[in-house]
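Following: one structure in structure tokens, then a few remarks.
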Amino acid sequence: MTKDPILVRPAVESDFPAITRIQQRTPEAAQWPLGDYSGTSLLIAVDGTRAAGFCAWRQNLPDEAELLNLAVDPDYRRRGVASGLLDALLKIARGEIFLEVAQTNTAAVGLYLKFGWEQTGLRKGYYSQGMINAIVMKKRSW
């Protein structure tokens with residue numbers, strides 16, 4: 001890991017292998033096949049030349065967006081990568097942004113609450129074949 005600041009930028013096709021690697025290293029994140037991200041926007045956080053994290057999102061309506069997935073390589077946790085990705089998302093998405101997060105993913109829930117997201121619902125048995133609830137959250141973009 002370098003000492004360069006973490007840079008968040010839109011992902012390009014050459015970033016796809018790194019996104020796949022990060023997803024594989026973060027089992028608590030959604031495990032989507034890369035092709036399932038077509039039609040979404042991807043942001044990637046980069047430390048020098050190494051990808052540190054990414055998020056996938058889409059603008060569903062002019063005033064509504066959805067955060068679909070956010071993952072940070074375990075080597076980069078607690079270094080502001082997720083915060084940087086959320087900051088970037090909040091600057092480009094429009095209107096209310098929704099997300100779902102596993103109730104058991106307390107680190108992610110805590111991060112979203114710290115960023116001012118509010119819980120709007122609970123989807124019982126949404127993950128892991130009905131075993132884990134999903135918390136539905138929203139936040140208005142800046």
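The values are calculated or read from the model by the stated rules, or taken from the named source; none is laboratory data. Here the structure is a predicted model, which means the values were calculated and not measured. All Cβ positions, glycine included, derive from the backbone under ideal geometry; neighbour counts span all protein chains shown.
Check off (1) within 19 Å of residue 135 (Cα to Cα); (2) surrounded by fewer than 16 Cβ atoms within 10 Å (Cβ to Cβ); (3) not charged (D, E, K, R) for residue 70 and give me the number that stays unchecked.
Just one mismatch for residue 70, condition (2).
Give the residue, chosen from 139, 124, that is in contact with a Leu (Cβ under 8 Å, 6 or more places away or on another chain), of a type outside the set (Ser, Thr, Tyr) and free of Cβ contacts under 8 Å to residues at least 60 places away in the same chain.
Among 139, 124, only 139 is in contact with a Leu (Cβ under 8 Å, 6 or more places away or on another chain), of a type outside the set (Ser, Thr, Tyr) and free of Cβ contacts under 8 Å to residues at least 60 places away in the same chain.
How many residues are in a helix (DSSP H, G or I) and either touching a strand residue (DSSP E or B) at 6+ places or on another chain (Cβ under 9 Å) or at pLDDT 95 or above (or both) when one looks only at the range 92-108? Can you show your working first?
Applying the first criterion (in a helix (DSSP H, G or I)) to the range 92-108 yields 92, 106-108.
This time we only want the ones that are either touching a strand residue (DSSP E or B) at 6+ places or on another chain (Cβ under 9 Å) or at pLDDT 95 or above (or both), so: 92, 108.
Qualifying residue count, the range 92-108: 2.
Could you check residue 47 against (1) free of Cβ contacts under 8 Å to residues at least 24 places away in the same chain; (2) farther than 27 Å from residue 132 by Cα; (3) not β-branched (Val, Ile, Thr) and say which number it fails?
Unmet condition: (1).
State yes or no: is residue 100 more than 14 Å from residue 28 (Cα to Cα) and charged (D, E, K, R)? Even if it seems obvious, please write down each step before you answer.
On the way: more than 14 Å from residue 28 (Cα to Cα): no; charged (D, E, K, R): yes.
No; evaluated as a whole, the condition is false for this residue.
Here are some conditions: (1) under 13 Å from the mean Cα position of the chain (by Cα); (2) surrounded by fewer than 17 Cβ atoms within 10 Å (Cβ to Cβ); (3) in contact (Cβ under 8 Å) with a residue 40 or more places away in the chain. Residue 75 meets all but one. Which one does it not meet?
Here residue 75 meets the rest and fails (1).
Name the pairs: first residue in the range 93-114 and in contact (Cβ under 8 Å) with a residue 24 or more places away in the chain, second residue assigned to a helix (DSSP H, G or I), Cβ to Cβ under 6 Å, at least 6 apart or on different chains?
101/108; 101/109; 111/82
Is it fair to say residue 47 is more than 21 Å from residue 112 (Cα to Cα), modelled with pLDDT under 95 and surrounded by fewer than 17 Cβ atoms within 10 Å (Cβ to Cβ)?
In short, no.
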